[in-house]
Amino acid sequence: MQTKYIALSAALVSAASVVGCKESEGPLGGCFDSHDYTDDRFGQDTWEKAESEMQRRALSLALDKGKVKPDAVDLLFAGDLLNQCVGSAYGLLEFGIPYFGLYGACSTAAEGILLASMLLSGGQARCAAAVTSSHYCAAERQYRFPIEYGGQRPPTAQWTVTGSGAFLLMPADAAPPDSVRVVAGMVGRVVEKGICDANNMGAAMAPAAIDTLTRYFAASGHYAADFDLILTGDLGREGSAILCELMAAQGTPLDDRHADCGTMIYRLDAQDVHAGGSGCGCSAVVLAAHILPRLQRGELRDVLFIGTGAMMSPDALKQGQPIPGVAHLVHLRGKTRGDEA
């Protein structure tokens, strides 16, 4: 079993979140930097353009917070759920930053942070950004049915988050003292366990999260009890139950350490989202708006952030192919009183 532990020395120096109306009405609504007040179009005439606009706003906010100009950013990692990641390509066009397009489905935020941290730790860059997004209306008509169709959603279905998260990273030795450190990582493997239901992505992604967590524990020597929070994004209610049950069955219980971005962003019983949130923007905005501030305040010390993605294609599903999953992991560490700078 490949269990390579990647030691990293990078830091998240700023982050920003932009969300839609439904997300702003959820339990984390007061944490987000910006949201649309009307129709989730963000002043644009198509859903796809709205998604690009979210990315533009999120990166602009992250740069402003970090007091960094676009020409000081060496590398930009970005991706979304749209075909050929056009949401990112159009949305980030004006910044002129050297660009890596990513497709990791809902794992894209973790993937971007991990790749940026690897290059920063290796001295290949002095500043990098990671951006991702999703939009409910754009994703539904690409992967399932246009919302006008009015299709029925089963209880296992998740609601694609309308949101964008942007992160600015530097080497740890160049970052402000209160920055959240990225101290380690584990690259996910593609795992497929025969799930063919596009309305049950949690079940498709949970095996990948189990694989990555198991390999990380084996390589690092850590246990669940060593962390304040083991955060997945985004298995939803269904996938989270599978993850916790199977981890316990193999002798590595997560106990009360586990939480999932998909179950945190909405009021599950009041907002009609069934099993919770999903989409590239889900874990990105929860991390940017809620988890990183808690790490900076010292409420959390060590957090495992595991981005989970269902690597599905509409054409592959029509051809009867099962849904592969992937899960990328980063170990985040907040600073507490007495830490060295």
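For a footprinting-style exposure proxy, rank HIS135, HIS328 by other Cβ within 10 Å, fewest first. Please report the intermediate quantities before stating the final value.
Details: HIS135 32, HIS328 26.
Neighbour counts put them in this order, fewest first: HIS328, HIS135.
Of ILE210, ILE265, the sequence from fewest to most neighbouring Cβ atoms within 10 angstrom is ILE210, ILE265.
Here's how it looks for ARG153: its modeled amide H is under 5 Å from none belonging to a residue 5 or more places away or on a different chain. Once you reduce region 251-300 and region 316-334 to the center of their Cα atoms, the two points are 17 Å from each other. Between ARG297 and ARG153, the simple spin-label model (points 7 angstrom out along Cα→Cβ) gives 3.0 nm. Computed from backbone phi, the HN-Hα couplings of region 126-131 come to 10, 7, 9, 10, 10, 9 Hz, rounded to whole numbers (Karplus: 6.51 cos²θ - 1.76 cosθ + 1.60, θ = phi - 60°; Gly and Pro given as x).
Here the Karplus relation 6.51 cos²θ - 1.76 cosθ + 1.60, evaluated at θ = phi - 60°, turns the backbone of region 247-253 into coupling constants of 5, 5, 5, 9, x, 10, x Hz, with x for every Gly and Pro.
Note on region 136-286: dipole from Cβ charges, positive end direction compared against CYS280, LEU169, TYR223; the farthest Cα belongs to CYS280. Remark: region 311-319, residue by residue, has Karplus-estimated 3J(HN,Hα) of 8, 9, 10, x, 5, 4, 5, 5, 8 Hz, where x stands for each Gly or Pro and the curve is 6.51 cos²θ - 1.76 cosθ + 1.60 at θ = phi - 60°.
Counting other Cβ atoms within 10 Å as a rough exposure proxy, the listed residues PHE227, PHE100 run PHE100, PHE227 from fewest neighbours to most. The candidate values are [x] 21.5; [y] 19.5; [z] 20.4; the one derived from this structure for Kirkwood radius over Cα pairs in Å carries the label [y].
Bear in mind these aren't lab numbers, they're just calculated from the coordinates by the rules spelled out. On a predicted model such as this, the values are computed, not experimentally measured, just so you know. Because the Cβ atoms are built from the backbone with ideal geometry, glycine has one as well, and the counts that use them run over all protein chains shown.
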